[in-house]
Amino acid sequence: MTTENFRRLTSAVIAASVAKDWAAAVLEWDVTELEEDPTGSGECACGQQELVLLFTITNKRNGAKLYPIGSTCVQKFGRTDLNRQVTLYSDLFRLRAAILNNTQITLTSNHFSRAMIEYLNDEGAFTPDRWDSDGGYAFMLDMFNKHKKDEFTRPQLSKITVLLNRKVIPFVLADKSLG
Ligand SMILES: [Zn+2]
């Protein structure tokens with residue numbers, strides 16, 4: 001990133017923040033959306049052109065949004081938790097692309113991470129049902145942690161499939177945070 005890009009980034013962020021210095025302003029933001037522009041016509045808050053993955057960041061204190069912003073710029077905030085949010089949204093995006101591609105979705109690290117399952121729970125994907133008051137969240141997390149697919153019993157596997165098809169996949173397809 002050039003000095004000029006960094007200067008434009010910091011002034012855009014500070015202008016939209018409550019705090020008026022960079023070190024404090026970076027603490028006010030969360031990554032809240034991701035969309036893709038395959039034509040690369042997006043221009044980052046720093047002036048960088050041909051942005052394909054367009055993140056939105058939202059200010060927790062005043063509700064301001066900055067869009068589009070690239071992952072390189074988000075990394076400049078120097079916050080591990082923001083970098084994790086970039087990874088989370090990128091992974092969710094990849095999962096949705098796989099669903100749209102008719103790829104068979106499995107509860108493995110090919111398609112999921114622990115952070116994704118936690119996100120799905122936080123966002124209400126695991127609606128309570130007559131089997132589980134948590135909608136299968138703890139079960140899915142437990143099954144995901146088993147990792148090796150072979151360890152799943154037949155009833156576990158069918159419950160996973162039902163939860164993926166009835167809750168997780170429809171939720172990801174409808175998730176407005178993904179463009
Ligand atoms: Zn940028």
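Taken together, the values in this text are just the output of simple stated rules run on the coordinates, not laboratory data. A quick note: this is a predicted structure, and the numbers were derived from the prediction, not measured. So basically every Cβ, Gly included, is an ideal-geometry build from the backbone, and we count neighbours across all protein chains shown.
Please give the length that would be gained between Lys176 and Ala64 if that part of the chain were fully extended, namely 0.36 nm times their separation in residues minus their C-alpha to C-alpha distance (nm, one decimal).
Values: separation 112, 0.36 × 112 = 40.32 nm, distance 1.78 nm.
Gain in length upon complete extension: 38.5 nm.
Once the Cβ-Cβ distance of Asn102 and Gln49 is raised to the sixth power relative to R0 = 35 Å, the FRET efficiency obtained is 0.55.
Using the Cα centre as the reference, give the magnitude of the dipole from point charges on the C-beta atoms of the range 3-78 (Lys, Arg: +1; Asp, Glu: -1; all else neutral), rounded to the nearest 20 debye.
Working: 7 positive and 10 negative charges, 88 e Å.
Using Cβ point charges on Lys, Arg, Asp and Glu, the range 3-78 gives about 420 debye.
Counting only Cβ charges, +1 for Lys and Arg and -1 for Asp and Glu, the dipole size of the chain around its Cα centre is about 220 debye. Farthest towards the positive end of the charge dipole of the chain, among the residues Met143, Phe126, Ala45, is the Cα of Met143, using unit charges on the Cβ of Lys, Arg, Asp and Glu. Ordering Gly179, Ser71, Ile160 by Cα displacement along the dipole of the chain toward the positive end leaves Ile160 in first place; charges were set at the Cβ atoms of Lys, Arg (+1) and Asp, Glu (-1). Would any residue of the range 10-37 have its amide N under 19 Å from a label point 7 Å out along Cα→Cβ of Asp122? List them or say none. Within reach of a label on Asp122: 26-35. Spin-label pair Thr39-His147: with each label point 7 Å from Cα along the Cα-Cβ axis, the two points sit 4.4 nm from one another.
I need the Debye-formula profile for the range 96-178: one equal scatterer per C-alpha, no solvent, reported as log10 I(q)/I(0) at q = 0.11, 0.21, 0.23 1/Å, two decimals. For the requested q values the scattering log ratios are -0.26, -1.03, -1.24.
Could you give the length gained on full extension between Arg130 and Asp30, defined as 0.36 nm per residue of separation minus the Cα-Cα distance, in nm?
Details: separation 100, 0.36 × 100 = 36.00 nm, distance 3.47 nm.
So the chain would gain 32.5 nm between Arg130 and Asp30.
With Cα atoms defining each centre, the range 46-115 and the range 134-174 are spaced 23 Å apart in the structure. Taking a cut-off of 31 Å, what percent of all Cα-Cα pairs in the chain are separated by more than that? Percent of Cα pairs beyond 31 Å in the chain: 27.
Among the listed pairs Lys60/Lys176; Lys20/Lys60; Lys20/Lys176; Lys65/Lys167, a Cα-Cα separation exceeding 21 Å is found for Lys20/Lys176; Lys65/Lys167. The shape of the range 3-78 comes out oblate: with a ≥ b ≥ c from the C-alpha gyration tensor, a/c is at least 1.5 while a/b does not beat b/c. Sorted ascending by nearby beta carbons within 10 Å, beginning with the fewest, Tyr137, Tyr67 become Tyr67, Tyr137. Cross-link partners for Lys146 among the aspartates and glutamates, with Cα-Cα distance under 17 Å and sequence neighbours closer than 8 places in the same chain left out: Glu118. Length gained on full extension, Ala138 to Arg94: 13.5 nm, using 0.36 nm per residue less the C-alpha separation.
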